[in-house]
Structure formats: C-alpha cells, structure tokens
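The values are calculated or read from the model by the stated rules, or taken from the named source; none is laboratory data. Computed from a predicted structure; not experimentally measured. No Cβ is skipped: glycine too gets one built from the backbone with ideal geometry, and neighbour counts run over all protein chains shown. The accessibility values were calculated without ligands, DNA or RNA, using every heavy atom of the protein model including side chains. Shrake-Rupley method; radii C 1.70, N 1.55, O 1.52, S 1.80 Å.
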Amino acid sequence: MQLSFLLVVLLVLSSLAFYLGKKRAFQVSQGQIRNLHSLPAYYGLYTAIWCGIPALIIFSVWIAFEPAIITNLVVAGLPDEVRSIGPDRLNLIINDIKNLVEGNITSRDVDENLQAAADHYQSLVTTSHAALAVVVLCLTIVTGAITLSRIKVKQRARNTVEKVMTGILIFCSSIAILTTLGIVLSVLFESIRFFREIPLTDFLFGLEWSPQTAIREDQVGSSGAFGAVPLFAGTMLISLIAMLVAVPIGLLSAIYLSEYANPRFRATAKPLLEILAGIPTVVYGFFAVLIVAPAIRDAGGYIGLDVASESALAAGLVMGIMIIPFVSSLSDDVINAVPQAMRDGAYGLGATQSETIRKVIFPAALPGIVGGVLLAVSRAIGETMIVVMAAGLSANLTANPLEAVTTVTVQIVTLLTGDQEFDSAKTLAAFALGLMLFVVTLTLNVIALHVVRKYREQYE
Amino acid sequence: MSKKSRTIDIVRAGMKKRKAAETRFRLYGLAAIALGLIFLSLLFVSIVANGYTAFAQSYVEIEVYIDPDRIDPEGKREDSVLSRADYGGLVKATLREMFPEVRSRRDKRQLYRLVSTGASYEIREMVLEDPELIGQKISVWVPVDDEIDMLLKGHIDRNSPEADRRVKDKQIAWVDKLISEEKIEKRFNTIFFTAGDSRDPELAGIWGAAAGSFFTLIVTLILSFPIGVAAAVYLEEFAPQNRFTDFIEVNINNLAAVPSIVFGLLGLAVFINFFGMPRSAPIVGGLVLTLMTLPTIIIASRAALKSVPPSIREAALGIGASPMQTMVYHVLPLAMPGMLTGTIIGMAQALGESAPLLMIGMVAFIVDIPQGAFDPSTVLPVQIYLWADSPERAFVERTSAAIMVLLAFLITMNALAVMLRKRFERRW
C-alpha cells in the first residue's frame with residue numbers, strides 16, 4: 001500500500017501549497033488585499049493546482065503502463081526455451097509468476113527459474129514504485145516552488161483557476177462519450193475477432209446454436225455451431241409475451257390514472273405501481289422461479305398441457321410485470337401532454353368520456369405511446385437476470401410459449417461466467433451477441449426518442 | 001321537424017349502449033391498476049411468506065467432553081496443535097453418547113447428520129480462546145443441520161413416504177426425543193447476519209455480500225457523484241450550443257437506455273483485460289456501476305440546476321461575481337438537495353444491479369468477508385442469484401430473507417430521497 005501512501009503525501013503537499021500560496025499572496029500585496037487581482041484563496045488554489053495536477057498525471061500514466069512494461073521485462077529475462085513456447089502457455093507462466101509474488105497458490109511446482117523470475121518481478125516492482133515516488137515528489141516540490149516564487153500582485157490567478165476548473169468540467173462531461181466509445185470499441189474488436197473465425201452470415205442466419213467448441217481435437221459432442229437465429233427468436237418470443245402483459249395493463253392504468261382517477265386515488269396508486277420499477281430484477285427472477293413457473297406448470301398439467309418448467313411464458317409474464325410501470329409512466333406523460341382543448345371539444349360535441357379517450361386522446365397521443373412502447377421493448381430485450389434465472393439454456397427454435405427458449409442475454413452470461421480462455425470462439429461469441437444487443441437497443445432508443453420528441457413539438 | 005326528432009331518437013336509442021361502454025371502459029382501467037397492485041402484493045407476500053422463517057434457526061444443546069487425548073495428546077497446549085485437532089470427532093463422540101442405542105454404521109452416519117458441521121468450528125473457537133476447557137465437559141448450543149431445521153420449521157412433511165424425504169424416520173425419532181428433553185430450541189439466526197457465504201445453508205450468511213455491496217457502492221458514490229455533478233454543471237450552465245455539446249447530450253440519453261449487461265462487457269474488456277485490474281473486486285464493480293449510474297445522476301442534477309431561478313444568477317453576476325463564482329457559491333448550494341436526491345436514487349439502482357457484475361466475475365463463491373475494495377467479493381443481489389440456484393430447501397428461505405434485507409435497504413434509500421425532496425424542496 002505504498003502507492004496510496006504516496007497519494008496521501010501528494011494530497012498533503014498540495015494542501016500545504018494552498019496555504020503557502022495564500023500566504024505569499026498576502027505578502028506580495030504588502031497587507032493591501034485590494035491591490036491583488038484575485039482573492040488570496042485563488043493564489044492558494046493556483047499554487048495547489050500547479051503542485052498537484054502535473055504529479056497526478058505522471059502518477060496515473062505510470063500506474064497505467066507499469067504492469068505491461070514490467071511483464072515484458074520479466075518475459076525478456078526468462079530463459080530462451082521458456083519464451084519460445086507460444087503466447088498461451090507463456091501467459092500461464094506469467095500468471096504463475098504473479099501468483100508466486102503475491103503468495104498465492106501456483107498451478108505448477110515452483111522451480112528455480114520460476115522463483116528467479118518472481119524475484120526479478122518483485123524487484124522490478126519495488127524499483128518502479130521507488131522511482132515513481134522520487135519522480136512525483138520532486139515534481140511536486142519543483143513545480144510548487146516555481147509557482148510560489150512567481151506569484152505577483154497583477155497575476156490573474158482567478159482566471160487561471162477557473163480555466164482549469166472548466167477543463168475539469170468538460171472532461172467530466174466527455175466521460176459519457178468515452179463510455180460509449182469504450183462500449184463500441186470493446187464489443188467491436190472482440191466481435192471482429194469472432195467473425196474472422198465464424199462468418200457473419202453463419203452467425204446471423206444459422207439455425208443451430210451450440211457453442212461448445214472442442215478443446216482437444218478428438219473431443220466428441222462439441223459441434224461448435226454459432227447460428228444465432230434461435231437466440232433472436234427466443235428473445236423476441238419472451239419480449240413479445242412481456243409486451244402482451246405490460247402494454248395493456250400499463251396503458252389502461254395510465255389512462256385511468258390520468259383521466260378518471262381523483263387526485264387522492266392517483267396520489268396513492270401511482271407511487272405504489274412505481275414500486276414495481278424499483279424492485280431489483282434478481283428479485284423478479286426469483287419470483288418467476290419460485291412462484292410463477294410452478295404455478296403455470298401446474299395449471300398446464302390441470303388442462304393436460306405439457307409445460308416446461310423453464311417456459312418462455314413464465315419468464316415473459318414476470319418480465320411484463322416488471323415493465324408495467326415503465327409503460328404506464330411514459331403513457332401517463334404523453335396523455336397529460338394532450339391539450340385540454342381537444343378534450344373540451346369532444347365533450348362539447350356530446351362524446352362520452354371513454355369515447356373522447358378512444359377517439360380523440362388516444363390517436364393524438366399515439367406517437368408518444370408508440371415511442372414509450374419501443375423504449376419498453378428495448379428494456380425487455382436487454383433484461384438479463386429474469387431470463388437468466390427463469391428461462392432455459394437450450395436453444396430451441398420454437399414459437400410455443402410453453403417450451404423453454406433461451407435469449408441473447410442468457411447466452412452472454414453463460415458464455416462469460418466461469419473460467420475459460422479468453423481467446424476461444426466461445427467467449428468471443430458473447431461479445432458478438434453483445435454487439436447485436438447494443439446495436440438493436442440503440443436503434444430502438446434512437447427511433448423512440450425521435451418519435452417522442454417529434455410528438456412533443458407538435459403540441460408545444 | 002320530423003328529421004330532427006329522428007336524430008335525437010337515434011342518440012337516445014344508442015345512449016344505453018354508450019353508457020354501458022363507458023362503464024366497461026372505466027372498469028378495464030380499474031382492473032388494470034388492480035392487477036398491477038395484485039402482482040405487487042403477490043410478490044411481497046410470497047417473498048415474506050417464504051423468507052420470514054430464515055430469521056430463526058434451531059439450535060441443539062450438546063454436552064461435549066473436551067477429551068485431552070483427542071485434542072492435545074502431548075499436553076503442550078500449543079495453538080498449532082489445538083487449531084488442527086479433530087473437533088468433529090468430539091461432536092460425533094458426544095452424539096454417540098447421547099444415543100447409545102445407535103449401533104450400525106449407517107445409523108451412525110445419519111445420527112451425525114443431526115448437527116451442523118459448524119458445531120466443530122464453534123467448539124474449536126471456544127477451546128482456542130480458553131485452553132482451560134480441555135478435560136472439562138461443557139454444554140454448548142450448536143446449530144442443527146439444515147435438513148433438520150427444515151423439518152422443525154414444517155417445510156418437510158413427516159407423513160410423506162420415507163423415500164421421498166431427505167430426513168429419515170430414525171432421525172425424526174431422535175429429534176423428537178431431543179425436543180421432549182427440551183434440548184432443541186429456536187433462536188434468532190445471528191449466523192445469517194454475521195457470516196459469509198457457505199455451502200451449508202445453516203452456516204451461510206449475508207454479511208460477506210453486504211460488505212461487498214458496501215465497498216462497491218462507496219466506490220460508485222465517490223466517482224459518480226462528483227463526475228455527475230460536474231458534467232451536469234457544465235452542460236447546463238457553461239456549455240456553448242454547438243455540435244460537441246449536442247453529441248454529449250445524445251450520448252448521455254442513449255447510455256441511459258443501454259442494457260446493463262453491455263456495461264458488464266465493457267468492464268470485462270476494458271478494466272479487466274486491458275488495464276489488468278483484479279477480477280471479482282469491488283473496485284471494478286464500482287467503476288462499471290459508476291458508468292451505469294452516471295446518466296441518472298446527470299439527468300437529475302440538470303433538472304435540479306434548471307429549477308434554480310435565473311434571478312439568483314443575475315443578482316450574483318450583477319454584484320461582480322464571475323460565472324464560476326456564481327455557480328460555486330450560489331447556484332450549486334441551492335441545487336444540492338435535488339442533486340443528492342438523484343444520487344440516492346442512482347445508488348439504489350446500483351445496489352439492486354447484478355447483471356454487469358456477473359460479467360466481471362463477482363459471482364465467485366467467496367467465504368471470506370472482504371476487507372477492502374480490492375478483495376474478491378460478491379454483492380447482495382448476486383448472492384441472491386447464487387442462493388436461488390442452490391438446490392437445498394433451506395436456501396429458498398435464506399434467498400427470500402436476503403431479498404427482504406435488500407428490499408429493506410432499497411426502501412430506506414428511496415424513503416430518504418423522498419424525505420430529502422420534501423424537506424428541502426423550494427418553490428420559487
């Protein structure tokens with residue numbers, strides 16, 4: 001924990017710089033603060049910024065690149081016959097070296113070479129940290145001292161400090177862009193590697209999904225088929241069932257709450273319904289497994305239907321319940337946005353309330369409702385925990401809601417949890433599925449937001 | 001004249017039908033709300049009904065003779081010897097003594113299954129703490145095995161055929177004898193709140209997962225609150241109207257709707273594989289959840305900033321404050337309650353999230369309680385997921401109980417947010 005100590009020292013030095021800078025400002029103003037361009041605290045901040053930020057940047061860059069450089073150095077120090085065994089096994093050895101350094105269990109017996117490499121690694125890390133400490137501390141003191149000596153009465157300390165603050169604000173806002181970029185790049189790169197092994201057309205149009213690839217050449221029962229159509233079909237089936245539950249219930253309750261309910265009823269029923277949106281999805285998954293799936297199976301058994309215990313119906317039904325508040329609050333917003341004049345016009349012509357709603361308000365609000373439903377569909381497609389717990393694993397291509405189907409998200413989870421090599425087609429397939437998921441939900445969101453915005457403009 | 005009366009006749013004739021349609025439509029709406037509320041109450045009732053029993057655990061009193069020959073044959077009382085001694089054997093000997101009539105090996109094995117494997121750990125702790133106990137006969141209350149606990153709680157039907165039950169007839173007879181001797185007692189299940197995960201339901205607790213959740217949330221809070229507020233301040237107050245700003249806004253809106261599992265893929269590819277951060281650690285979980293909750297916090301903070309009236313800004317600017325000073329000293333303090341409310345809601349979301357954490361390896365079976373943000377750990381929702389997958393009947397009630405704890409946290413956080421909003425909400 002030497003590094004965190006260094007960070008603390010850095011923090012202390014910066015605070016000291018703040019104090020010294022402030023004092024220095026008093027000094028140069030010769031006791032007349034109004035001679036200064038900025039308030040004294042700004043000179044303090046100015047010194048602290050110059051003292052802390054360059055050192056902090058050096059620190060982060062160092063930490064980010066240290067592991068890679070040290071690993072390379074250790075590998076370079078390994079005997080030649082070890083280095084020539086190929087990247088996969090070399091990785092294993094490197095892992096062992098790291099485990100040895102941290103005192104964990106290694107996968108092989110510790111021999112001389114390994115011990116030597118571990119010692120080498122350890123000494124490199126120590127050297128690197130010591131060097132980092134020296135560099136950072138020197139930099140802090142030098143920049144701090146220079147800044148301190150340059151404080152003058154006419155210096156525009158506040159403007160500089162505010163510029164730095166604006167820079168930090170801009171950086172924080174750009175994290176949203178960086179995140180999107182990170183998502184796109186991480187799924188795209190792995191997907192490209194995947195599509196080099198499995199052609200894109202096989203993935204998009206193949207009808208069979210069984211991602212067990214052979215580890216050894218002679219292994220039986222591992223066909224390694226990556227046709228994603230059954231997954232897409234399963235996802236759509238479950239989302240469809242969810243929508244069949246959520247849209248009518250959500251829409252009708254929104255209509256009742258906004259058009260019929262008195263304020264008191266609305267004030268109690270609306271938050272109660274919204275509790276459904278705050279319940280973690282893992283709870284819904286447990287509910288589906290524990291209550292809904294057995295109930296559906298028993299009900300099916302009563303009327304002589306054979307229902308799988310991981311039926312699409314159970315997962316879809318529970319997912320629908322989860323989405324009800326989503327649909328209802330979005331529809332509520334758009335229904336409330338329909339101008340009162342349209343209602344009054346309809347009443348004036350003698351329409352009953354329900355006729356007004358069905359023939360005037362609903363058509364007027366339809367684009368907004370469609371947008372809301374599209375957002376809900378994208379939620380349903382991306383929902384993970386409910387289907388991981390309540391839907392099946394086997395990729396059946398079926399439209400029967402009583403059978404078990406699997407979804408894109410279920411497959412991503414099963415492919416990526418547990419230990420496996422990161423380079424196999426199996427794990428890369430998860431990223432290809434992730435890419436599909438991202439593209440589809442993104443498209444739905446863009447369309448939905450566009451529709452909703454278009455609709456809002458119409459009535460503003 | 002005749003034409004007019006015909007129209008009104010048509011209207012009157014249809015009136016009854018239209019009124020009926022009106023009533024029907026109203027009822028549909030009410031039914032929809034009722035259905036939603038029924039689902040909600042069904043969910044809560046089923047969780048509570050399944051879970052409340054987990055807060056009690058049956059204990060059995062056994063009188064263990066701490067046999068010096070077994071524990072410390074050399075009599076040196078060294079910790080290294082004492083900590084490795086065969087305490088399980090002591091418990092077994094005690095059980096044999098309590099039921100001397102049990103002879104056959106099969107019956108003995110069933111007898112040993114009455115008591116949790118945790119009993120030997122408990123005795124070990126006691127002996128290590130006070131080596132004086134060696135050679136004495138002590139009476140301790142130890143947890144019973146989970147199957148027996150299920151029997152005592154009535155989750156296993158005594159009248160079903162023996163082959164269908166995990167608990168055999170003989171075991172039931174022994175348990176009944178212990179009950180008649182008042183040696184079995186139900187107590188508050190402290191293990192559930194203080195232990196880490198375990199394969200044995202009676203020894204499994206949520207404390208490890210709760211600690212993992214705590215560290216993850218701390219990391220999330222430390223990162224997402226300042227970043228979210230800074231981003232909101234820039235976008236709402238300083239950003240010029242240009243392409244770059246538009247691009248940021250589009251990105252934030254889209255990120256708010258990206259499925260959470262995609263953030264998990266990002267965490268796996270970037271934080272773990274590229275930056276080489278530790279798997280299963282709360283620090284990575286916190287980073288992923290930060291990226292996920294940022295849009296929520298930014299959107300809420302912007303709304304809070306928007307609700308501060310422009311007159312405040314104009315007054316500050318008018319007496320010579322710079323835009324940044326106006327922001328820091330006047331607008332931000334007024335917008336803070338709204339921002340905090342948004343942050344708490346974002347944290348509640350993060351607390352309930354599990355899918356992205358599965359991707360970064362926070363699903364491992366971890367017995368030790370994490371001590372910091374770099375230790376391998378799991379979080380409450382993932383613990384629920386893991387227990388829900390376990391076949392033992394006793395894990396069903398523990399899963400439900402863990403859900404109750406999680407929901408209690410979420411309700412508290414949301415109530416706090418509502419209170420904060422009520423307390424500090426200002427109408428200008």
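The lone criterion from (1) over 24 Å from residue A:170 (Cα atoms); (2) part of a helix (DSSP H, G or I); (3) within 9 Å of another protein chain (Cβ to nearest Cβ) left unmet by residue B:295 is number (1). Considering the range A:1-88, the qualifying helices (runs of 4 or more DSSP H), each wholly inside and each with 1 or more residues that are under 29 Å from residue A:151 (Cβ atoms), in contact (Cβ under 8 Å) with a residue 24 or more places away in the chain and assigned by TED's automatic domain parsing to the domain that holds residue A:132, run over A:2-28, A:40-77.
Residues of the range A:348-360 that are within 12 Å of chain B (Cβ to nearest Cβ), in a helix (DSSP H, G or I) and among the hydrophobic types (A, V, I, L, M, F, W, C): A:357 alone. I need the full set of residues from the range B:388-422 which are over 11 Å from the mean Cα position of the chain (by Cα), farther than 30 Å from residue B:304 by Cα and hydrophobic (A, V, I, L, M, F, W, C), in order please. Once the filter is applied, which keeps residues that are over 11 Å from the mean Cα position of the chain (by Cα), farther than 30 Å from residue B:304 by Cα and hydrophobic (A, V, I, L, M, F, W, C), the range B:388-422 yields B:388, B:394, B:395, B:396. Within this structure, residue B:327 passes the test of being more than 16 Å from residue B:294 (Cα to Cα), touching a residue at least 12 places away in the same chain (Cβ under 8 Å) and assigned to a helix (DSSP H, G or I). Filtering the range A:392-408 for residues that are assigned to a helix (DSSP H, G or I) and either away from chain B (no Cβ under 14 Å) or open to solvent by less than 30 Å² (accessible area, probe 1.4 Å) (or both) leaves a non-empty set.
Go through the residues of the range B:112-121 one by one and say whether even a single one is of a type outside the set (Ser, Thr, Tyr), open to solvent by less than 30 Å² (accessible area, probe 1.4 Å), more than 14 Å from residue B:175 (Cα to Cα) and assigned by TED's automatic domain parsing to the domain that holds residue B:174. Yes: the range B:112-121 contains one or more residues that are of a type outside the set (Ser, Thr, Tyr), open to solvent by less than 30 Å² (accessible area, probe 1.4 Å), more than 14 Å from residue B:175 (Cα to Cα) and assigned by TED's automatic domain parsing to the domain that holds residue B:174. Restricting the first member to the range A:433-457 and to residues that are within 11 Å of chain B (Cβ to nearest Cβ), and the second to residues that are assigned to a helix (DSSP H, G or I) and open to solvent by 50 Å² or more (accessible area, probe 1.4 Å), the beta-carbon pairs closer than 7 Å and six or more apart or on different chains are A:435/A:188; A:449/B:253. Here residue B:389 fulfils each of the conditions (1) modelled with pLDDT of 90 or more; (2) within 11 Å of another protein chain (Cβ to nearest Cβ); (3) surrounded by fewer than 17 Cβ atoms within 10 Å (Cβ to Cβ) apart from (1). Meeting the requirement of 2 or more residues that are in contact with a Pro (Cβ under 6 Å, 6 or more places away or on another chain) and not assigned by TED's automatic domain parsing to the domain that holds residue B:116, the helices (runs of 4 or more DSSP H) wholly within the range B:161-234 are B:207-233. Among the residues that make up the range B:360-377, is at least one of them in a helix (DSSP H, G or I) and of a type outside the set (Ser, Thr, Tyr)? Within the range B:360-377 (the criterion being in a helix (DSSP H, G or I) and of a type outside the set (Ser, Thr, Tyr)), the answer is no, since none of the residues qualifies. Test of understanding: among A:151, A:141, A:168, which residue is closer than 29 Å to residue A:50 by Cβ, within 14 Å of another protein chain (Cβ to nearest Cβ) and of a type in the set (Val, Ile, Thr)? Step by step, each of A:151, A:141, A:168 is checked, and only A:168 is closer than 29 Å to residue A:50 by Cβ, within 14 Å of another protein chain (Cβ to nearest Cβ) and of a type in the set (Val, Ile, Thr). Looking at B:70, B:109, just one residue is touching a residue at least 12 places away in the same chain (Cβ under 8 Å), open to solvent by 50 Å² or more (accessible area, probe 1.4 Å) and out of contact with any Ser or Thr (no Cβ under 9 Å at 6 or more places or on another chain), and that residue is B:70. Among the residues of the range B:237-251, those that are more than 10 Å from chain A (Cβ to nearest Cβ) and either part of a helix (DSSP H, G or I) or charged (D, E, K, R) (or both) comprise B:243, B:246.
For the range A:235-243, the criterion of being over 25 Å from the mean Cα position of the chain (by Cα), more than 19 Å from residue A:435 (Cα to Cα), at pLDDT 90 or above and surrounded by fewer than 22 Cβ atoms within 10 Å (Cβ to Cβ) is met by no residue.
Evaluated against (1) open to solvent by less than 90 Å² (accessible area, probe 1.4 Å); (2) within 9 Å of chain A (Cβ to nearest Cβ); (3) not charged (D, E, K, R), residue B:28 falls short on exactly one condition, (1).
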